Structure formats: structure tokens, C-alpha cells
Amino acid sequence: MRSAAYSRYLLVAAAFAAFAALTLTACTDSPDPGPSPARPGGGNSRPVAGQNCGSERISLDRPEPADARRCFLDAVAARRVASLKSTVPTTEGDPIVYFLASDQRGTITVVMDTSQDGFRGTGVPPRTRYVCASLDPVPRMQHGIPDDINAHLHGCGTPTPF
């Protein structure tokens, strides 16, 4: 049987290890809540390096997407791993931010951040995640209307709080 002092030592060591792990896990360089890199074959395999296509900010003054969207569309069509951040205003002008990540199967994981939408409504989570089967290869734009990338996603699953 172990002594009481040794048991206390083990308890303190375990508490310190848990505290250190939580402290180190809380530190991160990336403030983006976007999807993590694609992991072929499930979550236990190594991340696949991908192309960061950058970001786009669609506005009422500039409703058309630019080079960042084209980069992401090309990557999805070629079944390459890539990411894109797309910011689109609501009717009231509040930003809705989409973090998109493609994988080698051609699926797109989306994290939608509505935390800055003043008209989001009560009970609506500020961030949701969903996976889509495809993305229009060519943007279909309507004159004068901001081109929300979410309108070009197809075969999407049910959004879950993130």
C-alpha cells in the first residue's frame, strides 16, 4: 500500500500536468475559428498542406468576387486542399464571415460566423459549421447585389453550432 504522502505527491503532479496542458492548449497564434486543414482518411491522420487563397470582402460598393475566390474555385475543381475567408454584408451592413476549406475529395467545410450580425436573433449560435458537396465553378452574379459565396454551395449538411 502506498503512503499518504506519495498519494498526495501523485495528486499534485497530476493537477499540475493538467493545468499545464490546459494553459498550453489555450495559447494559439491563429484567431480565426475557420476549419482546420483537411485530413484524408479521418481525423487521426496528419494534416495535408494546402493553399491559402487569402480573403475577400464583398460589399455593396464592390459586389463581385476577386482573385481570392478564383483561387479557391480552381482549387475545389482540381480537388486540392485550400482555404478562403469571405466577408459579406447583411442588408443592414453587418459582416457575415465564411471560413471555407476544401479537401482532396472536393468537399467544402464551412464555418459561418454571424457574431457581428446585430439582427442575428436570440438563440441563434454565433458560429456554425457545415459540409457541402460542391461549389459552383463560375460565380453567378446579379448586377448590384453582393455575391454571397454561401449562395453557390450545394449539397450542404445541417449546420451545427461551433
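Rule-based calculations on the coordinates, nothing more; no lab input. Quantities reported herein were computed from a predicted structural model and do not represent experimental measurements. In this analysis, Cβ positions are derived from the backbone assuming ideal geometry, glycine residues included, and neighbour counts consider all displayed protein chains.
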| So what's Rg/Rh here for region 51-161, counting alpha carbon atoms and using the Kirkwood radius for Rh? | 0.95
| What is the magnitude of the charge dipole of region 51-161 about its Cα centre, with +1 placed on the Cβ of each Lys and Arg, -1 on the Cβ of each Asp and Glu, and no other charges, expressed in debye to the nearest 20? | 400 debye
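Taking 25 Å as R0, compute the FRET efficiency from the Cβ-Cβ separation of residue 115 and residue 55 and round it to 0.05. Walk me through the numbers on the way to the answer.
On the way: r = 17 Å, r/R0 = 0.67.
Once the sixth-power term is evaluated, E becomes 0.90.
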| query | Which order results if 56, 92 are arranged by neighbouring Cβ count within 10 Å, fewest first? | reply | 92, 56
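Given the alpha-carbon gyration tensor of region 79-139, what are the semi-axes of its equivalent ellipsoid in whole angstrom, ordered largest first, with each equal to the square root of 5 times an eigenvalue?
Working: eigenvalues 124, 32, 15 Å².
After scaling each eigenvalue by five and taking roots: 25, 13, 9 Å.
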| Where labels lie 7 Å past Cα in the beta-carbon direction, separation of residue 94 and residue 150 in nm | 1.2 nm
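List the relative contact order of region 51-161 as a percent without decimals, with contacts defined as Cα pairs under 8 Å and 6+ residues apart.
24 percent
Count charges around residue 87 for me, please; just the other residues with Cβ under 11 Å from its Cβ, Lys/Arg as +1, Asp/Glu as -1. Mind showing how you got there, number by number?
On the way: positive: 57, 85; negative: 56, 94, 113, 148.
Charge balance near residue 87 sits at -2.
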